[in-house]
Every structure is written in C-alpha cells, then in structure tokens.
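To start, the structure itself, in structure tokens.
We did not get these values from a lab; they are worked out from the coordinates using the rules stated. Owing to the predicted nature of the structure, the values given are computational and were not obtained by experimental measurement. For neighbour counting, all protein chains shown are included, and Cβ atoms are generated from backbone atoms with ideal geometry for every residue, glycine included.
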Amino acid sequence: MANVDNNDMDMLEEGQDVEEVTAKEEKVYVASYWQLMWWRFRKHKMAIISVVILVLFYFVAVFSEFVAPYDPEQYFVQYKLAPPTRIHFIDTEGQLCWPFVYQITQEKDPETYRNIYIEDTETPYPIQLFVRGSEYQMWGLWTMDLHLFGLSVPQAEQGIFLMGADRLGRDVFSRTAYGARISLSIGLIGVLLSLTVGIVLGGISGYYGGIPDTIIQRVIEFIRTIPSIPLWMALSAALPNDWPIVKTYFAITVILSLIGWTYMARVVRGRFLAMREEDFVMSARLVGSSEMRIILRHMLPSFLSYIIASLTLSIPSMILAETGLSYIGLGLRAPAISWGVLLREAQNVRSLALAPWVLIPAAAVIIAVLAFNFVGDGLRDAADPYAR
Amino acid sequence: MFGYIIRRVLLMIPTLIVISIISFVIIQLPPGDYLTSYAAQLSAQGDTIDAQGLKALEERYGLGQPIHVQYFKWVSGIILRGDWGQSMEWQKPVKDLIWERLALTILLSSVAILVSWFIAIPVGVYSATHQYSIPDYVLSVISFVGVGTPGFLLALIVMYLAMSQLNQSVGGLFSSEFLLAPWSLAKVVDMLKHLWIPVLIIALESTAGSIRTTRANLLDELNKPYVETARAKGLEEGKLIWKYPVRVALNPFFSTVGWSLASLISGQTLIAVVLSLQTTGPMMLRALMSQDMYLAGSFLLLLSSLTVIGTLVSDIILAWVDPRIRLRG
Amino acid sequence: MENNHLLLEVKNLKTHFFLDEGTVRALDGVDFVIKRGQTLGVVGESGCGKSVTARSILRIVPQPGRIVDGEIMLYLPAQSNHSTLTNVVNLTRLNPRGTQIRSIRGCRIALVPQEPMTSLSPVHTLGNQIVEAIVLHQEVSQAEAREKAIYMLDLVGMPQPSRTIDRYPHELSGGMRQRGMIAMALSCHPSLLIADEPTTALDVTTEAQILKLMQRLQQELGMAIMFITHNLGVVARMTEHVIVMYMGKVVEEADVDTIFHNPKHPYTQALLKSIPRLGQRTRERRRLESISGSVPDPYSIPKGCSFHPRCSQRIVGLCDQEEPPNIEIGPGHKTRCVLYR
C-alpha cells in the first residue's frame, strides 16, 4: 500500500500490454502439469544454481578415479601437511599464461621445527588436462591411467594438491573426491529405502485409514520420540568392527533409514488423505473409474511432485547423519573413505590450527546439504503450480 | 484440562515400556556375556573377582536365565531400587555417573531452546511482515545456511577460529581447576562463563529452522480474515500483528517443542563430543566404544524418556494456549 | 449547504494489483456517493471489485494492491462550535498505517466481513476482541468497555450477552458470530457501516434474522450502510440506492425501484433476468436466462466496453472499440452504455 503519486502511474502504463499478456496466459492454460512445474521451478534461482552444483558433485562421485589426480591412499612423504598448492596464472615475466605450479621444497622452520613449504620459482610445471598418471581400476572393472588434470612430471618430483595434504601426505582433494562417492550415495540409497517403506506403510495408512492407520501412526510417533543420534550411535556401535566396508555401508544405510521412513510415510499419508477429499478424485470415482485407475491416473501425478520434493529434502539429513557418525568413529571407519571419515583428521584442534584445509570436506558436506535444501525447496514450491 | 493431562500421562506409559525394551535389546547387542567380559576386564587390570562376587552379580542381573527374566530384573532394579547396573569401565554404579551429566544436558538444551526462540520469533516475524524485502532475503539466506550447517561442523569451525584467531580453547563446560571439584558457587559461575558458546552453537541449528517455520506459518496467517478484522478496527499494525497472527502462528511451535527438544538433545550429542562438554553425549559415546553397555543403555533410556516427557509437556502447553484443543480434549 | 447530507464521495477510484503475471485493474475508475443514513447496495458478480471497493475505503487493500488514482472524500460532521463547514478528509491521501486513518477505521467507518467463521481470532474470546475495539476509540476503562460490549451484544440480540462475552468464537454458531461482528462494528457508532456480503456464509433463516437486525439497528442508530452483495433479493429488501459493478467499473446507478423496474444497462438487465420469480411460469413460459460466458480474465480486460463480449445488444465496431461514457438518463439514474447516447 502506498500513497498515490506519479511514479505509480508511470509504472502502470508501462506494465500494460494487453495483447501480449493474453498470449502468455493462453500458454499457461494449455501447459501440462510438468511444464508448469518446470516454469515455477525455473524462477527459483538458487535452486537452479544448486542443481548445477549437485550435477557437478555427482559427476565427481561417479568418476572419482578419473577426477582425482592421485590414489587417495598414496603417501607423499615429502608433503606432510602441505598447504594447498598455489596455482599461478602469471609467469615471472608478468605474462598471462596457462595455469602452472612451481616446484615446492620442504624446509624446517629453524625455530619451531615445523615443516614449511617454499615455492621455487625456477621450475614451473604447467597443469595439464587429461594427463596420464597413476594407474587405477575404473569402477573396479578395468585398468586406466587417465586423469582429468595433473602434472606431467612423475609424482616423486612434484605433486599438485588443490586442497593441501593431510598429516600423512595424502592429497585431500583426491580423498574428498573419493569420499563423495560414499557420502553422496548413502543419502540417495537411504532415502530410496525410506521411500519404499514409507510409501507402502504411508499409503496403507492414508488410503485405508481405520485400524491400520492407527497402528502405523502409533509406531511412527513412537520412533520419532527416540532421539535419533543416540539411537543411531547405539545401533552402529553394535556393528562388528571386522565387517567389510560394503557390508558396514549397507548396515549404516539401513540404520539411517530406520528413522527416515517415518518422515516419508507421514508425507505420503498426508497427501493421500488430502487427495482423497479432492473434487477431481471424487469426480473420477463418480464417473466409475476403478480404484487402481484413480490412484495411478489421478492421484499419483499430483502426488509425485510432493514425493520428489520431500525426497530431496530428506537426503541432507542422511548425509549429515553419516558424516556425524563417521566423524565420531561409529559409522564408517578407515580404510573406507567418506567425508565423515576424512573429518576425523580435524579432530585434533591443534593439528586443525596447523592445517585448516583438512576441514575442506566439511565445506563439501555443507555445500551438498545446502544444494539439496535449495532444490527441495524449489521443488516444493513448484509442486503446486496452481497455487499462488 | 485435568482429564486431558491424565489421559496423556497414561498414554505415555506404553511408550516408556517399549523404549525400555529397545534400550535393553541394545544392552544385549554386543556379542559375549557381560559377566565374562567383566571378569576378563578385571583380570586384565590385575584384579581378580572371587566366585562369590561373580555369584552376586549373576543374581543381580539374572544372568544365565531366560532373556525376559533378565529384562524384568533390569527394569525392576531401575524402578524399585534405582539400580541402573554397573559401569564396567568406570567401576562404579551407573546411577553415580549419569545424573549430573543428564542435568547438564537438560540445562543446556532448555537454555538453547529459549535462546533460539528469543532470536527466531522476532526475526521470523520481521521476515514474514517484510516478505520479499532485502532484509527478508538476507535473513532467509542466513537461515538456509544455518539449517544446512550441522551443529558439530559448526562447533568444529568455531573451535578452529577460537584456536587460530584468539589462541583460546573453547571446549568443555568448566575450567580445568573446577573439572573435578564439587559443586560450589564458583563452579557455577565458571560454568556460566563457558556456557554461552555451546548454547549458541546448539541453538543455531534449531534457530534457523524456527525462523523458517515462524515465517512460513505467519505468512499463512497474515492473509486470514481475522487479521483484516483487527486492521479494520483501527488497531496499530505492529500491535495487531503480535496480538493476532503471531499468536496463532506460534501454536505449532509449542506443539513441536517436544520434538525440537528431541532433536536438540540428539544434535547436541555430536556437538558435545566435538566440544568435549560434560554432558551425556561424550560419555555415551565412550561407553558405546568400550562396550560399557549398562551405561550406554541407561543413557539411551533416559534420553528417550526425556523426549517423551518433553512431548507431553509441549502437548499440555499447546492445550493451554489453544482453546480449540483444550475443549476438544 | 448542499453537501450537508453527503457522507462519502468516491471519485474515479482506481485500485490495481501488481502481480507477477501482470496488473489486475480491480477498480478502474469507480464513482459513487453515499448520503448520511442511506443504504447503498453494491451489486455484481464475484471478482467485479465490490470487496476491493470496501477495502479501498478503509485503506486496507491487501498487498500487492494499491490505490493508484482517485479520491475518497469522507465528510465528517462539523464540530459543534468551530465552524459551519463540514470537515472533509480525503482518505486516499492518508498514510494507510497512520494515526489519522486508524482513528477513522472502526470508529467512523466499520466493516462487517463476509466470513463470520474466520473473521474472529480463534485464540481470543469474543469479548476480548470487542473490548479492544471500544478501548481503541473511546476513552473508557477496561471495565466500562466490558459493560459497553455486553450492552452492544445485547443490542444485536445475542442470547445471554454477559456469558457469551467470554466465549471463544468456535463455541458460537455462525449467526452468533456474525451478531458479534456487528456488535463490534457498531460499538463506536460509526457513520458508515460497510457490510461485505454479511450473510453469504449463513443459512437462509439466519440470513433473514441478520438482515432484520441490521434494518432495525439502522433505524435505531441512523448510520449509513454500504451493503455489498451478489444477491438481488437482499438488495431489493435492504437498500434504497443501488450501484451495479462490472469489471471494476460502476455500469449503472439508480434508486432501487428503477434498477428493478427500468434497468438500462444490458448487464443489469441480464442480471435481473437470471433470477427466478415466483408465479412467472404461469404467465409466460420463459427459460431462466443466464449471462453467456463468464467474467473475463482479469489480466486482459476487453477493449472498449468490458461487457461487450457477453452482451446480447453489442454493436460491432463500436462497443469493442470505444469506452462507453457515463450517461445520465434520468434523475439519479446513470449508466455506462453507448445505447443511450
């Protein structure tokens, strides 16, 4: 609300183009549900940026062997706690050139006896794309040695550490890239598990109502009263230490889904209940559609978007739970590599002060979680394209 | 109202029973017999336990008897004698270890909830009443980041910053000289000095969430006809917002205080581990790591019961503030 | 002075809503006057701008709506000693959150809203909400305000007012809530009561009671009523003067008899033909007519006369090009239609 003044009048005249608005409006009337959803989603700028980030993250997770310049377990004895390698774009003559790094030499600080790393500007090494480096097993299937980027010199001579090295001289970037695989997939798999259980139980609860509904609701309420992290801690502590990584990984996923499904079931049930009362479902029933047809043809489509949105929103808590559990040593354990396992490096505050870059996996966690939140938020807003 | 409370308390009992069963199952989860490992641990420390001592323990826990007998022995021990079992690692009865920690946990969580409301409600109201303004946008981004940043990572970052910038350690709830000292006024003062960093970190996660909830709820309420009625009366805008829609929008807050207490206690566990606070989290973690199961199980039972009671309290508060529920109950 | 019975004068009022999808011209040049003690009926289909008119007068147009042009002159009774001139306030010039408009809202002009179910706060007692309105505009103590609230509840025929005052809205029936709303609105003796479809959400019996109550109160208290409705039967019963609105414009204005017996605008004619009348079937077997089509999309008001796409008497080449002028065809009878030029 504002007082009447000339500015308002000007705005008014500019905004009026009746013909064009009509054409635009007509497009809205004939657009399909998914089209409308996309149009609304597109308006959410942060969500779009987040989608790009997530695609990038999952690319790294899928092709981590290729993206990482080094094997995550490889030690570079001469680079213990080395800071991130500085990448230069301007050479000694002040010319702009292809990015390169300088030879780095380790020296002892005469006073503190700590390692310090000094750039030797005599020997530059250009960074190369699609370089051949250490051999690896792509997806454990075949042997390759192609890496996205790296230096053309042998690792013994000079390494490139985008995010520095940890206290054993392992490349933090390579480890973070490998960690993405476990950390990002555990969210997806956990959520799919929760979804399956949640849809079945929530669907029964919402569609049939009555006694099954009451029982399922009680169970959900009960599970939600147990504080999740202590429960997760207790359950994962019970996992035997000698289990292989893959087995522990799935066990952790199951443990996380144990609580996750209650949320999905609530969403599904809520939508079912709301939908049952909708006029279009009623009219479908009145024209004699079968229950199956009503569910698949009428309810599911207007439903799916909500499910996808809630799905996206529950991935972050899974990622966080894994990270937290692994961080305190109850989730995955080395030699498994996840972001939580990597953060164990940061447990000692003094080493943290010396080498803050071991916290970088935390940044990866936060970015991934934020991105999922934004996408989920955008999807949720877009899920109801007719709402204003 | 009174009948409502009674009914809710009665409904709580089966929940508590199931919680105790789950806690008991978790106590039983690690492989091996408690007594054998206890004896093994004692002998590892150079002590031996005589046959009589073993017998007494066997009797206390009903070991060797069917599992349900063991469960009843354990539960009745807790209810009738306040006997929570023996901590293997600490060589002390569990009951001597848990209460102080639990009290600190409750204190920390309650203060954190209050702090988070104190920040979240005004901020959320401002954000909703100034929707799409620049401050609203900034606050939304901040609260989004707050929701996305897990408490234990934040704790880690704060520790790092305090260490690198101020060269100060922020861990713990007490200065070292008070750590083992008995409670005194000086110790309380010392604790209050240490309290604010953990409280802020614990509060942050729920604050960000609460800002978003307040904002969303209030946005729903702002367009309700009763707000227009109040406006048409000639009420001042600020006054009417706080008296009517905020009042209604905060109801879901009270109804979820139980759950937010649960998630606070839960989230606090990890934060406490990072900041090495003298609360339940680190001790429970240690107990789990060393398979000190009576201690760990007791913590799980206590924390869960705390949540159940928290939910009950929030339901009662909700019934008290919302006449619609009060009358239905 | 001629203006002496004038209470409210709305001139060329334009209230627009600025949405992402475009601008909705909810009010596009509305003119009318309300005289002291008069009952003005405002008739039209949903979305024609009736409620927005009410909210514009009270300056509580919800976001993103804004009054962009026009004047709303409120003629307050002359202060006894100061001068003979009436005190005139242009409401559109006031800050919508300022003290001046707030002293008018609820005091000089009061609103009885459409939805008695949701128009009262669910978490405060009825009394709390009425007392608040009284304390706000009158210099009385809480206890006096409560007395007064009970008196008002009694006046509007609320059973057991001294007990009902402490009830929460959900404990009351729709009719009782609406009585409560009327009591609240009248508690400061407003000069103008805006009733925005006050009986739409009520059943027919309750509707009749509330209408009777309003008629009685108007006789007793002598305020003017702006009665917004889409129910022509209610208009015939309650009002003296009628304006017919269509797409944010007043298309016809006349006293109530003229509107019903000699409607000029094709829209008014069509509206009247769409109501069934008792006994009609025996004389001439006539189908009940409906107005073809529906209210156009608010983002794209048709060019020319906004009613022309639905009008049975449209003149191609004229109605779809030229905006019809407001023509006075009789004393106090105006219409916006080229047919009467």
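A compact table of results
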{"read-out": "About the Cα centre, charge dipole magnitude for chain A (Lys/Arg +1, Asp/Glu -1 at Cβ), debye", "value": "1840 debye"}
{"read-out": "Chain A: most fluctuating residue of A:ARG224, A:ARG181, A:ARG170 per GNM, C-alpha cutoff 10 Å", "value": "A:ARG224"}
{"read-out": "Order of B:ASP83, C:ASP320 under a 10 Å beta carbon neighbour criterion, fewest first", "value": "C:ASP320, B:ASP83"}
{"read-out": "For A:ASP71, C:ASP255, C:ASP20, order by how many other beta-carbon atoms lie within 10 Å, fewest first", "value": "C:ASP20, C:ASP255, A:ASP71"}
{"read-out": "For the stretch C:9-68: relative contact order, % (alpha-carbon pairs under 8 angstrom, 6 or more apart)", "value": "41 percent"}
{"read-out": "Helical mean residue ellipticity (222 nm; -39500 (n - 2.57) per DSSP H run of 4+; nearest 500) of chain B", "value": "-25000 deg cm²/dmol"}
{"read-out": "Length-normalised contact order of the stretch C:120-170 in % [C-alpha pairs under 8 Å, at least 6 apart]", "value": "52 percent"}
{"read-out": "Average other protein chain Cβ within 10 Å of Cβ, residues A:232-241", "value": "6"}
{"read-out": "Relative packing of A:264-275, B:235-246, A:100-111, B:287-298, which averages over residues the other C-beta atoms within 10 Å, highest first", "value": "B:287-298, A:264-275, B:235-246, A:100-111"}
{"read-out": "Cβ neighbours within 10 Å from other chains - mean over A:362-371", "value": "4"}
{"read-out": "Environment charge at A:ILE220 (Cβ cut-off 11 Å; Lys +1, Arg +1, Asp -1, Glu -1)", "value": "+2"}
{"read-out": "Most mobile listed residue (C:ILE228, C:ILE327, C:ILE72) in chain C, GNM with C-alpha springs under 10 Å", "value": "C:ILE327"}
{"read-out": "Crossing angle, helix B:2-28 versus chain B [Cα axis fit, 0-90 degrees, rounded to tens]", "value": "40 degrees"}
{"read-out": "Prolate/oblate/rounded call for the stretch A:76-170, Cα gyration tensor, a/c under 1.5 rounded", "value": "oblate"}
{"read-out": "Taking C:CYS311, A:CYS97 and counting other C-beta atoms within 10 Å, the order from fewest to most", "value": "A:CYS97, C:CYS311"}
{"read-out": "Computed over chain B: relative contact order in percent, which uses C-alpha pairs under 8 Å that are six or more apart", "value": "26 percent"}
{"read-out": "The stretch B:135-152 and the stretch C:85-152: distance between their alpha carbon centers, rounded to Å", "value": "39 Å"}
{"read-out": "Highest to lowest packing among A:376-382, C:262-268, C:52-58, A:214-220, scored as the average C-beta count within 10 Å", "value": "C:52-58, C:262-268, A:376-382, A:214-220"}
{"read-out": "In nm, spacing of pseudo-spin labels at B:LEU219 and B:ARG81 (7 Å Cα→C-beta vector)", "value": "5.9 nm"}
{"read-out": "Formal net charge of residues neighbouring A:SER310 (Cβ-Cβ distance under 10 Å; K, R +1; D, E -1)", "value": "+3"}
{"read-out": "Kirkwood hydrodynamic radius of the stretch B:168-230, Cα pairs, Å", "value": "15.1 Å"}
{"read-out": "Surrounding net charge for A:SER183, when Lys and Arg each add one and Asp and Glu each subtract one, Cβ distance under 12 Å", "value": "+1"}
{"read-out": "Degrees, to the nearest 10: A:228-237 long Cα axis against longest axis of chain A", "value": "50 degrees"}
{"read-out": "Acute angle (nearest 10 degrees) that the helix A:210-225 long axis makes with the longest principal axis of chain A, alpha-carbon atoms", "value": "30 degrees"}
{"read-out": "Those lysines that a straight Cα-Cα span of less than 23 Å connects to C:LYS334, excepting residues fewer than 8 apart in one chain", "value": "C:LYS11, C:LYS14, C:LYS35, C:LYS50, C:LYS249, C:LYS264, C:LYS273, C:LYS303"}
{"read-out": "Under Karplus coefficients 6.51, -1.76 and 1.60, residue-wise ³J(HN,Hα) of the stretch C:53-68 in Hz, glycine/proline x", "value": "4, 4, 5, 5, 5, 7, 6, 10, 5, x, 4, x, x, 7, 6, 9"}
{"read-out": "Estimated FRET transfer efficiency (A:GLU107, A:TYR75; beta-carbon r; R0 22 Å; 0.05)", "value": "0.65"}
{"read-out": "Value of [θ]222 nm, deg cm²/dmol, for chain C, DSSP H segments ≥ 4, -39500 (n - 2.57) each, nearest 500", "value": "-8500 deg cm²/dmol"}
{"read-out": "Value of [θ]222 nm, deg cm²/dmol, for chain A, DSSP H segments ≥ 4, -39500 (n - 2.57) each, nearest 500", "value": "-18500 deg cm²/dmol"}
{"read-out": "Counting DSSP beta bridges with both ends in the protein assembly as shown, the antiparallel % (nearest 5)", "value": "75 percent"}
{"read-out": "Segments B:217-224, C:9-16 sorted - mean Cβ within 10 Å per residue, highest first", "value": "C:9-16, B:217-224"}
{"read-out": "Inter-chain Cβ neighbour average for residues C:117-129, partner chain, 10 Å", "value": "5"}
{"read-out": "Spacing of the two label points (7 Å from each Cα toward its C-beta) at A:PHE63 and A:GLU122, in nm", "value": "3.8 nm"}
